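A.B. asks: Here's a structure for you.
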Amino acid sequence: MTVITLGPTPARRAALARRIRLLVAATITYNVIEAAVAITAGTIASSSALIGFGLDSIVEVASATAVAWQFSATDHERRERAALRVIALSFFALAAYVTFDAVRALLGTGEAGHSTPGLILAALSLVIMPFLSAAQRRAGRELGSASAVADSKQTLLCTYLSGVLLVGLALNSLFGWSWADPIAALVIAAVAVKEGREAWRGDACCAVPAAALSASTVSAAEGCANGCCSPVQDTPQDK
């Protein structure tokens, strides 16, 4: 049986775990601020979209906190399943609220006013969130952490919601098209359900052991549909 070495070295894995902890801390900090601003501005403008966006930030904090809890342990792999469960439930909670809020808006319950702070917040999140998501996804894939990759998808979903919020607030302010935001939000809710199911099943990433694997195991891993389990070879600078 041919045996080859896959995955990062122990030193590299420790560095990746530290990077994930820092990214998670940054995500939690930003989302706490984002939630406070969005809920306050949404209450002032009677905007259900802004209030919903603030609640999404709270869901994102719950997801990131689960990953922070996981990586606070030396043997973080043992907490992987529990962290994934929390992330999956966060996706489902987000989908449920966004759907409820979108349907309520489509039925004409409440009419939101213009919100300059909401527009600025949505634009900032649209710029910041993709970078946090991409950085955590890269580190999670290299480390083989399903929960880190799942949380990065939660952050990416927040990016989509930022875009939806920005377009919805802008169209409402410029043209009075109050229906644009809830329609797009329903699409986001469907994506959240899909990501939640994958996180619950543990499909967000196929963790590749850092130890030596047989060629047959490598072949099975390469069949992962989302490519997350593709082994990352050590480079000279990583060692």
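A.B. asks: Which one of these is over 16 Å from the mean Cα position of the chain (by Cα) and open to solvent by 60 Å² or more (accessible area, probe 1.4 Å): S72, S115, S48?
C.D. replies: On the way: S115 fails: open to solvent by 60 Å² or more (accessible area, probe 1.4 Å); S48 fails: open to solvent by 60 Å² or more (accessible area, probe 1.4 Å).
None of the other options fit; the residue is S72.
A.B. asks: Can you name the residue in the stretch 75-101 that is within 13 Å of the chain's Cα centre (by Cα) and open to solvent by 30 Å² or more (accessible area, probe 1.4 Å) and, of all such residues, is nearest to R21 (Cα to Cα)?
C.D. replies: Only one residue tops the list, namely V86.
A.B. asks: If S72 satisfies all but one of (1) closer than 22 Å to P182 by Cβ; (2) out of contact with any helix residue (DSSP H, G or I) (no Cβ under 7 Å at 6 or more places or on another chain); (3) modelled with pLDDT under 85, what's the number of the condition it fails?
C.D. replies: (1)
A.B. asks: Further question on the same structure: What tally of residues in the stretch 75-97 results from selecting those that are modelled with pLDDT under 80 and of a type in the set (V, I, T)?
C.D. replies: Residues in the stretch 75-97 being modelled with pLDDT under 80 and of a type in the set (V, I, T): 1 in total.
A.B. asks: Next question, about the same structure. Do we have any residue at all in the stretch 48-60 that's of a type in the set (D, E, K, R), under 30 Å from G144 (Cα atoms), in a helix (DSSP H, G or I) and out of contact with any strand residue (DSSP E or B) (no Cβ under 6 Å at 6 or more places or on another chain)?
C.D. replies: yes
A.B. asks: Just checking, how many residues over the stretch 1-24 are open to solvent by 50 Å² or more (accessible area, probe 1.4 Å) and either in a helix (DSSP H, G or I) or at pLDDT 80 or above (or both)?
C.D. replies: Of the stretch 1-24, the ones open to solvent by 50 Å² or more (accessible area, probe 1.4 Å) are 1-5, 10-11, 18-19, 21-22.
In the following step, the residues that additionally are either in a helix (DSSP H, G or I) or at pLDDT 80 or above (or both) were identified as 10-11, 18-19, 21-22.
The number of residues fulfilling the criteria is 6.
A.B. asks: Give all pairs with beta carbons closer than 8 Å in which a residue from the stretch 169-189 that is part of a loop (DSSP other than H, G, I, E, B) meets a residue that is open to solvent by 20 Å² or more (accessible area, probe 1.4 Å); count only pairs at least 6 apart in sequence or on separate chains.
C.D. replies: Listed by first residue and then by second, the contacts come to W177/L171; S178/A105; S178/E111; S178/A112; S178/N172; W179/A105; W179/L106.
A.B. asks: Also: Can A134 be described as open to solvent by less than 60 Å² (accessible area, probe 1.4 Å), at pLDDT 85 or above and either in a helix (DSSP H, G or I) or touching a helix residue (DSSP H, G or I) at 6+ places or on another chain (Cβ under 7 Å) (or both)?
C.D. replies: yes
A.B. asks: Testing T159 on (1) over 22 Å from Y30 (Cβ atoms); (2) at pLDDT 80 or above, one condition comes back false. Which one is that?
C.D. replies: With respect to (1) over 22 Å from Y30 (Cβ atoms); (2) at pLDDT 80 or above, T159 is out only on (1).
A.B. asks: Exactly one condition in (1) open to solvent by 20 Å² or more (accessible area, probe 1.4 Å); (2) closer than 14 Å to Y30 by Cβ; (3) in contact (Cβ under 8 Å) with a residue 60 or more places away in the chain is false for Q154; which is it?
C.D. replies: The number of the failed condition is (1).
A.B. asks: What's the number of the condition A38 fails, among (1) closer than 19 Å to L119 by Cα; (2) open to solvent by 50 Å² or more (accessible area, probe 1.4 Å); (3) aliphatic (A, V, I, L, M); (4) modelled with pLDDT of 85 or more?
C.D. replies: (2)
A.B. asks: Would you confirm whether any residue within the stretch 125-134 is more than 26 Å from A15 (Cα to Cα) and in contact (Cβ under 8 Å) with a residue 40 or more places away in the chain?
C.D. replies: Scanning the stretch 125-134, I find at least one residue that is more than 26 Å from A15 (Cα to Cα) and in contact (Cβ under 8 Å) with a residue 40 or more places away in the chain, so the answer is yes.
The values are calculated or read from the model by the stated rules, or taken from the named source; none is laboratory data. Note that the structure is predicted; figures quoted are calculated from it, not measured. Reconstructed Cβ throughout: ideal geometry from the backbone, glycine too, with neighbour counts over all protein chains shown. Surface accessibility is based on the protein's heavy atoms, side chains included, excluding ligands, DNA and RNA. Shrake-Rupley method; radii C 1.70, N 1.55, O 1.52, S 1.80 Å.
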